[in-house]
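The values are calculated or read from the model by the stated rules, or taken from the named source; none is laboratory data. The structure presented is a predicted model; accordingly, all values stated were derived computationally and were not measured. Don't worry about glycine lacking a Cβ; one is built from the backbone with ideal geometry, like all the others, and counts go over all protein chains shown.
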Amino acid sequence: MKKKKSAPPRLGVSIWKHRQYYLILLPVMAYFIIFCYGPMYGVIIAFKDFNPLQGILKSPWCDPWYKNFTLAFQSDLFIRSLRNTLIISFLKIFVAFPLPILFAILIDELPGRRFKKSIQTVSYLPYFISWVVLSGILRNLLSTNGGAVNNLIQMFGGHAINFFASKTRFRGLVFFSYVWKTIGYSSVIYLAAISGIDQEQYEAARIDGANRFQLIGHITLPSIMPVVVIMLILSLGGVLSAGFDQIFNLYSDSVMETGDIIDTYVYRVGMLKQQYSYSAAVGLFKNIIGLVLVVGSNLFVKKIDSDSALF
Amino acid sequence: MKRTHSKLWKAIPILLIMSLLLTVLVGCAGSGASSAVSSSQSSSSAASSSTSSSSAASSSSAASAEPLPIKIVKMNTYENTEVQKVLEEKYNVKFTIEQVAADDTDAMNLYWATGNIPDVCVFRNLDGASLFRQGLIRSFPVEWLEQYAPDYMKTIYDFMGNGDQALGKKMTLSQIAVDGKVIFVPRDSLTNHVGMLMCARQDWLDNLKLSLPTTTEELHSVMTAFTKDDPDGDGAADTYGMHGSGSRSMRFGYVYASQQWWPASYYMDDSGKVTYSSATDKCKEMLTLIRSWYEEGIVDPEFITDNRQLQRDKWAQGKFGILVDHPWWFALNTPGNVQSMLLDADSKAKLTFMEPFADSTGTRYVNTWYPDCVSDASLVFGKDCPDEAIQKMLTIWNDAASDWDFYLKYSYGTEGKDYTLDADGRIVKSEASQSDEYAASFGGLYDFAPIGTPRDWYLEKICPKVEGDLYSYSLSYKPFYMNNNFVLPTLDTATAQKAADVQTVADEYYASAISGETNLTTDWDAYLAKLDAAGLKDVIAAYEAGGVK
Amino acid sequence: MKKTKKNRGATLVIKSTGDRIFDAVNIFIMVLLFIIFVYPFWDTLLLSFSSSASATKRTLRILPDLPLVFESYRKIFTQSLFLTALKNSVRRTVIGTVLSVATTLCGGFVLAKRSLPFRRGITALIMFTMFFGGGLIPTYLLVKSLHLTGSFWALILPGLTSAWNIIIARNFLMTVPASMEEAAIIDGADPFRILTRIYVPLSKPIIAVLALWSAIGHWNAWFDAMIYTPGSDQMVLSYLLRKILVETDTKVFDALKQNTAAMTPTTVKAATIVVAVVPIALLYPLFQKHFIKGINIGAVKG
């Protein structure tokens, strides 16, 4: 919708006109200023040799200032964990991402109100089971000696597979268990988006003779696209956090090669003593990469459809 | 109706603004800028004034009329328990319990990092050396230990030296000091010195008419029989000889101990040279052995990835016949112990403990940890802690270790109500006394003086005989140290990263060599090169420079 | 404003064969998924009613082992700490969610106003916090200097809202047609009224989602409770649960009794999980009806 191009209102007048909006915004800004920008100076911990007695501000600067960053990169195992993190994250962001959307659409298409409600509720349950418990259940199911999955495989003539010890299969294990746990939770936002679509569009299209798939492709999907794009861009921000809790409970020495991620690596290094500056540096690195990806993908999206972008 | 409705909604953002502004105002009226130093300064000035007054009082050796305030971090946050009140009255102190989740490492790290400094801190899993070097905790004269807590120190020397007081004293003094200054009040307990035991399913041995294995070769035969000869008589080939994990401290028990080898461990010889056990030829030899067992199928192949819970579930379900564990976990009175787990599932099971295997000289070893009297529940003191507070705490600990009635009454409560005595006269706690309410209302001496019960008391008066017998049995054998046989120094961040990397490489190789993924003969040199690339030499150099034996 | 009737189950449209096949396949997939989703919880539920003898069995748990054992639940409900934790968690979740949703909506609403001066700048300021933060130490120091440590509000205020949620709320609110807002302005409504009379009723789906996310976040949060309110009378359920479930590798075996988790029987651990999940599972339909089409009645969308 194009705005009429008249002379733009003067800034002061515009601010005054919007004064009540600013008032509504005030608690929000107060929150961000106090609780987000207030502690922001702590970012410099990554560049300091932190000493609790002197506090963050008075602790000495690292010599050289990038010492903590280069330290992490000196380790081949850190680089390996970085690689694994990227692979697992991309699996989660690009391959796992469409699944909750598909799930939401399928649920929406289900006949029968009660069934719809109950399957949606039940899909939520795995999210509440912690990885500690879920990994125990998974080990049970995937056991080479009496586990349900391997029993099935053997029934069809195959050999039992030790999923937890297999480097090649570990990422698959991570992927599927991740989808299992989160698909219900992730689908909620898309269900909400679908429920906001105007029903008249569907009725009009049906009268025109559209079939199921056309309805989904031409109405449902485009309508929720803004939400999808936003969720995708925002998820890219977390690309270097591949899920500590999950990996920690599933991995073992056999699969370190493909399963060790940045967070589990730093955890093992940090176990020996308080490594604040080190973990702060790694955290900062993760966040910068996340920011670059978000800004980059946002620019990309802007070129396609300026309204869907983040800012 | 519309008017009031919108007024209500209008109110919400205003309420939010007001509440946020209020908190900010309240906060600003308080200590002002969020600097760590200012908050610690205000508490330190209060403490130092009491120091000057109390040192004057102690020099005249008259108890100050005012109770001495002591800010203490203990393992839970319960305040004003019965025991606390008793101690306050008896020793004329006033405890302030710091509200921090002291059993969690992250919470404690945060506590210290944000400038909190207590007077007394029960300490575990943290790095005392760096806290001291950063100036957060203080040292105290070593003479005070034997001056104020002579009986307690005797029990420590007894633990650390496994009965040898002189050896124990030497080892204790080397661990409690950093840069020549004593910072820890040591704490040790009997169970830390007890080595792992191995047991076998006697009912399976009986079914197959085998005798208890006494050497690694015999173990191999028994394991083979357990796997191939259907020892549980159910007609299914569903059993293994052994499992092989459980936790890093269990593994293959006697097999390793009798070879004087343990994975991923640093050993210092008498000349001060340090070697890494996972880089030696012995490592290759042991891995070859286990690899052959794995290939033969007599070990549960899932042991490499199983966690402890899984191992125990399999044990309880009779999936393997030999188990390695700490005697605590074998003792029938321990909740969740491995014997009861098995007996609950299969009442016909019988267990017999195996004698540790002998090495080439005929000495029998049990694997245990290197004596450590500072990492677990030792005591440190904040930088502004007054001398008198340290002396009082030492006195309390000493009384706990020397006065049996005092210890009994405030650790276990009243006989009949909180505990009963079993047939051997040993203590059986009632269910009520193990609840959180009890800990919150009555508390215990272990809050303020978590001493390891002196050996005689523990074995003769407290510990149920089924447990005590196992300890005595294990303690009668020579200890073989896992992980390290000297005190490890604190590493700086760069070296700590290397040490973590080295361990990862070693652990990965352990797993892949046994499973057959890597070839022990052809890949060995590449593995050694990987260890070097991870920084093994630097780690060893750091340990040689700072390690104390 | 036109009201649109939502379909309540049976459609008035004749289904083609293609449609029927689609439905059949869809239902089949969903039934399979239903089983897969329910299974972890079902397994845990059955475990919580097992005796210790059958708890170690590693087979697929489909039917309960009779007789049902209630010992694990008895152990939990007789703990006073458990009831305190439950009470605190409920209190925190309710208050936290209400305040959180209100704040987030305010933020999303204002940022959705395209004509707002400095809109991009403010958005950027807020988004910046999504990537850069001071970390645990300065945040803790701030909370301490505001005298909030040990206070219930330390669990609510530091996480009151987030850039992520505000952006999502903003984008959702931006889909409200401008015509409705213009109509209201012509009628003389001020922003407060626009927010409450127009946006809020139209945003029930996103409000439900935000409320759900916030409620779950508060219900599951344990780390902030451990750091800010470690006192036992302020214990929250998720922290208690964690202490019961998560084993750490400790050497100390004696009277210090540090490692609760290692000694708690698996059946009691399972019962604790069930008790923590059931309240959320029961409350979920209340949220759900706002974002599942065909379930809520009379949604208004012109």
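Quick notes on this one:
- Which listed residue is part of a helix (DSSP H, G or I), crowded, with 22+ Cβ neighbours inside 10 Å and over 24 Å from the mean Cα position of the chain (by Cα), from C:Leu210, C:Leu195: C:Leu195
- Each residue in segment C:146-174 was checked for being within 22 Å of C:Val236 (Cα to Cα) and in a helix (DSSP H, G or I), and 7 pass.
- Scanning segment B:188-210 for residues that are in contact with a Leu (Cβ under 7 Å, 6 or more places away or on another chain) and in a loop (DSSP other than H, G, I, E, B) yields a single hit, B:Val194.
- Restricting attention to segment C:126-139, the residues that are more than 7 Å from every other protein chain (Cβ to nearest Cβ) and of a type in the set (Gly, Ala, Ser) total 0.
- Residue check, C:Phe82 out of contact with any strand residue (DSSP E or B) (no Cβ under 8 Å at 6 or more places or on another chain), more than 12 Å from chain A (Cβ to nearest Cβ) and more than 22 Å from A:Ile137 (Cα to Cα): yes
- Condition met for B:Asp456 (more than 11 Å from every other protein chain (Cβ to nearest Cβ) and outside any loop (DSSP other than H, G, I, E, B)): yes
- Taking segment B:229-284 as the range and being of a type in the set (D, E, K, R), in contact (Cβ under 8 Å) with a residue 24 or more places away in the chain and in a helix (DSSP H, G or I) as the test, only B:Lys284 passes.
- Condition met for B:Asp325 (within 25 Å of B:Gln434 (Cα to Cα) and modelled with pLDDT under 90): no
- Criterion: out of contact with any Lys or Arg (no Cβ under 6 Å at 6 or more places or on another chain), assigned to a loop (DSSP other than H, G, I, E, B), of a type in the set (Gly, Ala, Ser) and modelled with pLDDT under 90 - qualifying residue of C:Ala10, C:Ala53: C:Ala10
- For segment B:80-120, filtering for residues that are aliphatic (A, V, I, L, M) and either closer than 20 Å to C:Phe223 by Cα or assigned to a loop (DSSP other than H, G, I, E, B) (or both) leaves 8.
- Flag for B:Val502 being at pLDDT 90 or above and not hydroxyl-bearing (Ser, Thr, Tyr): yes
- Residue within segment A:85-96 that is more than 12 Å from chain B (Cβ to nearest Cβ), surrounded by 17 or more Cβ atoms within 10 Å (Cβ to Cβ) and not in a helix (DSSP H, G or I) present: yes
- Those residues of segment B:285-318 which are in a loop (DSSP other than H, G, I, E, B) and away from chain C (no Cβ under 14 Å), in sequence order: B:Gly297, B:Ile298, B:Thr305
- Restricting A:Ile224, A:Ile247, A:Ile230, A:Ile262 to those that are of a type in the set (A, V, I, L, M), crowded, with 20+ Cβ neighbours inside 10 Å and more than 17 Å from the chain's Cα centre (by Cα) reduces the list to A:Ile224.
- Boolean, C:Phe28 is surrounded by 10 or more Cβ atoms within 10 Å (Cβ to Cβ), modelled with pLDDT of 75 or more, closer than 22 Å to A:Ser187 by Cβ and more than 7 Å from every other protein chain (Cβ to nearest Cβ): yes
- Restricting attention to segment B:498-525, the residues that are within 7 Å of chain A (Cβ to nearest Cβ), without any contact (Cβ under 8 Å) to a residue 12 or more places away in the chain and closer than 15 Å to B:Leu536 by Cβ total 2.
- Residue selected from segment B:490-528 under the condition outside any loop (DSSP other than H, G, I, E, B) and of a type in the set (Ser, Thr, Tyr), by the criterion farthest from B:Asp300 (Cα to Cα): B:Thr493
- Total residues in segment B:431-479, condition of a type in the set (S, T, N, Q) and in contact with a strand residue (DSSP E or B) (Cβ under 6 Å, 6 or more places away or on another chain): 1
- For segment A:33-66, filtered to residues that are more than 11 Å from chain C (Cβ to nearest Cβ) and out of contact with any Phe, Trp or Tyr (no Cβ under 8 Å at 6 or more places or on another chain), the residue that is surrounded by the most Cβ atoms within 10 Å (Cβ to Cβ) is A:Asn51.
- Options B:Gly416, B:Gly362; residue that is without any contact (Cβ under 8 Å) to a residue 12 or more places away in the chain, closer than 28 Å to B:Gly168 by Cα and away from chain C (no Cβ under 12 Å): B:Gly362
- Some residue of segment A:267-281 being away from chain B (no Cβ under 14 Å) and either of a type in the set (Phe, Trp, Tyr) or touching a Leu at 6+ places or on another chain (Cβ under 9 Å) (or both): no
- Within segment B:110-126, no residue that is more than 8 Å from chain A (Cβ to nearest Cβ) sits with its Cβ atom under 6 Å from a residue that is in a loop (DSSP other than H, G, I, E, B) and small (Gly, Ala, Ser) at 6+ positions apart or across chains.
- Hits in segment B:220-236 (condition: touching a helix residue (DSSP H, G or I) at 6+ places or on another chain (Cβ under 7 Å) and surrounded by fewer than 15 Cβ atoms within 10 Å (Cβ to Cβ)): B:Gly233
- Selection from segment B:174-219 of residues that are surrounded by fewer than 17 Cβ atoms within 10 Å (Cβ to Cβ) and out of contact with any helix residue (DSSP H, G or I) (no Cβ under 8 Å at 6 or more places or on another chain): B:Ser174, B:Gly180, B:Gln202, B:Asp206, B:Asn207, B:Lys209, B:Thr214, B:Thr215, B:Glu217, B:Glu218
Rundown of residues vs (1) over 30 Å from B:Ser130 (Cβ atoms); (2) at pLDDT 95 or above; (3) crowded, with 18+ Cβ neighbours inside 10 Å, yes/no style:
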| residue | (1), (2), (3) |
| --- | --- |
| B:Pro371 | no, no, yes |
| B:Ser378 | no, no, yes |
| B:Lys392 | no, yes, yes |
| B:Glu437 | yes, no, no |
| B:Ser441 | yes, no, no |
| B:Asp456 | yes, no, no |
| B:Glu460 | yes, no, no |
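- Test: residue in segment A:159-168 that is of a type in the set (Ser, Thr, Tyr) and closer than 21 Å to C:Ile168 by Cβ: no
- Counted residues, segment B:334-388 - those being of a type in the set (A, V, I, L, M), closer than 30 Å to B:Ala65 by Cβ and more than 27 Å from the chain's Cα centre (by Cα): 0
- Tabulated pairs, segment C:114-125, first free of Cβ contacts under 8 Å to residues at least 40 places away in the same chain and more than 7 Å from chain A (Cβ to nearest Cβ), second of a type in the set (D, E, K, R) and outside any helix (DSSP H, G or I), C-beta under 8 angstrom, 6+ apart or interchain: C:Arg119/C:Lys113
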